[in-house]
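Visitor: Next up is a structure, given as structure tokens.
The values are calculated or read from the model by the stated rules, or taken from the named source; none is laboratory data. Fair warning: this is a prediction, and the values are worked out from it, not measured in the lab. Cβ: placed from backbone, ideal geometry, glycine included. Neighbour counts: every protein chain shown. Heads up: the accessible areas ignore ligands, DNA and RNA and are worked out on the full protein's heavy atoms, side chains in. Shrake-Rupley method; radii C 1.70, N 1.55, O 1.52, S 1.80 Å.
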Amino acid sequence: MLKRISMLVVAGLAAATLAGCGSESGGGSEAGGGGGDAIVMGFSQVGAESGWRTANTKSVQDSAKEAGITLKFSDAQQKQENQIKAIRSYIQQKVDVIAFSPVVESGWDTVLKEAQGANIPVILTDRAVDSADTSLYKTFLGSDFVEEGKKAGQWLVEEYKDASDTVNIVELQGTTGSAPANDRKSGFAEVIGADPKFKIIASQTGDFTRAKGKEVMEAFLKAHPDIDVLYAHNDDMGLGAIEAIEGAGKVPGKDIKIITVDAVKDGMQALADGKINYIVECSPLLGPQLMDLAKKVVAGESVPARVVTEETTFTQEQAKEALPSRQY
Ligand code: GZL
């Protein structure tokens with residue numbers, strides 16, 4: 001009898017092990033051949049709101065496969081409650097590590113404390129949280145958005161250094177409450193604030209999407225006949241705004257100068273075509289570094305509290321040169 005029970009237990013364990021392998025999207029046992037010992041990562045993505053996000057998702061999924069990490073992936077459709085649900089689900093599933101891009105900065109302490117209580121390490125990627133307790137996550141891998149805003153402002157200051165008249169600026173902000181929207185706004189304002197000729201006459205969220213960017217720019221154009229510059233927190237809102245500007249019979253890049261952030265392919269094409277004047281790069285290719293950090297964190301190795309991604313800027317001429325080799 002005992003022998004029969006023990007055989008059943010062994011069979012049950014074997015079945016459980018097999019079921020746990022490669023049952024997820026992305027990398028892991030089927031790709032990495034890691035079998036049951038493959039690291040399992042739960043990843044909560046913001047959504048699919050922009051070309052940047054699409055490239056970021058691809059980078060995470062491809063890198064997980066490359067690294068032999070089994071990826072559980074969820075798209076929150078830009079809703080914080082969906083991200084919190086996904087993180088709770090990963091805690092229930094006892095994943096080895098949780099990574100996510102927080103759609104907004106605030107409101108994460110409770111769920112991050114639950115992950116900490118379950119001894120599951122968390123990695124922030126792309127966007128930051130404003131939790132005072134930095135022990136709630138192991139590291140934050142992503143861009144310096146304040147610096148990106150400053151770079152945009154510095155180009156504008158240089159572009160208008162000989163102008164004495166007022167420069168009327170409209171601003172399309174990213175998702176309300178998100179780190180990139182907050183920081184790109186503050187970095188830009190800090191630089192242009194040094195010269196009173198620069199005036200932000202309107203500033204509103206376009207939620208990082210092309211459609212909303214077009215809608216808000218149409219409203220800006222109706223309310224303000226004297227717009228000189230558009231500062232859009234990402235290429236997609238800038239591309240939507242270009243449609244609105246052309247619809248109003250004005251020439252983007254000439255009648256209204258445009259600065260955006262990201263440098264995704266469609267944005268770089270508009271830059272090369274002269275419809276955008278300057279783009280500050282924000283790299284979405286965070287996957288390889290994320291997987292390296294995950295392996296270290298799961299192995300109990302120490303990792304830097306902050307990993308800042310390398311990125312540059314592009315003028316119209318530089319875009320023409322760079323376009324053929326752009327990965328995204
Ligand atoms: C920035 C990222 C932003 C991009 C947008 O790291 O969070 O979100 O700039 C994207 O294109 O929607």
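Visitor: Can you pull out the residues in segment 275-296 that are open to solvent by 20 Å² or more (accessible area, probe 1.4 Å), more than 13 Å from the ligand (Cβ to nearest atom) and either closer than 25 Å to Phe43 by Cβ or of a type in the set (Asp, Glu) (or both)?
Guide: The answer is Pro288, Gln289, Asp292, Lys295, Lys296.
Visitor: State all residues of segment 197-255 that are on the phi > 0 side of the Ramachandran plot, open to solvent by 20 Å² or more (accessible area, probe 1.4 Å) and either modelled with pLDDT under 95 or within 12 Å of the ligand (Cβ to nearest atom) (or both); if no residue qualifies, say none. Can you show your working first?
Guide: Of all residues in segment 197-255, those on the phi > 0 side of the Ramachandran plot come to 207-208, 249, 253.
Now narrow it down to the ones that are open to solvent by 20 Å² or more (accessible area, probe 1.4 Å): 207, 249.
Across segment 197-255, the qualifying residue is only Asp207.
Visitor: Name the residue that is farthest from Leu221 (Cα to Cα), counting only residues in segment 172-188 that are within 11 Å of the ligand (Cβ to nearest atom) and of a type in the set (Ser, Thr, Tyr).
Guide: Step one: of segment 172-188, the residues within 11 Å of the ligand (Cβ to nearest atom) are 174-175, 178-181, 183-184.
Those still in the list that are of a type in the set (Ser, Thr, Tyr) too: 175, 178.
On the way: Thr175: 21, Ser178: 26 Å.
Looking at residues that are within 11 Å of the ligand (Cβ to nearest atom) and of a type in the set (Ser, Thr, Tyr), I get Ser178.
Visitor: On the given criteria, is Ser106 of a type in the set (Gly, Ala, Ser), in contact (Cβ under 8 Å) with a residue 60 or more places away in the chain and open to solvent by 40 Å² or more (accessible area, probe 1.4 Å)?
Guide: Working: of a type in the set (Gly, Ala, Ser): yes; in contact (Cβ under 8 Å) with a residue 60 or more places away in the chain: yes; open to solvent by 40 Å² or more (accessible area, probe 1.4 Å): yes.
Here the answer is yes, as Ser106 does meet what is asked.
Visitor: OK, next. At least 3 residues that are within 25 Å of Lys150 (Cα to Cα) and under 21 Å from the mean Cα position of the chain (by Cα) in each: list the helices (runs of 4 or more DSSP H) lying fully within segment 210-299 that qualify.
Guide: On the way: elements: 210-223, 235-247, 265-272, 287-298.
Ranges flagged: 210-223, 235-247, 265-272.
Residues checked against (1) within 16 Å of the ligand (Cβ to nearest atom); (2) assigned to a strand (DSSP E or B); (3) closer than 20 Å to Gln80 by Cα:
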site: Leu112; (1), (2), (3): no, no, yes
site: Gln116; (1), (2), (3): no, no, yes
site: Asn119; (1), (2), (3): no, no, no
site: Arg127; (1), (2), (3): yes, no, yes
site: Asp130; (1), (2), (3): yes, no, yes
site: Ser135; (1), (2), (3): no, no, no
site: Leu141; (1), (2), (3): yes, yes, yes
site: Val146; (1), (2), (3): yes, no, no
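Visitor: Follow-up. Given (1) touching a residue at least 40 places away in the same chain (Cβ under 8 Å); (2) open to solvent by less than 20 Å² (accessible area, probe 1.4 Å); (3) within 20 Å of Ile169 (Cβ to Cβ), identify the lone condition not met by Ala272.
Guide: Failing condition for Ala272: (3).
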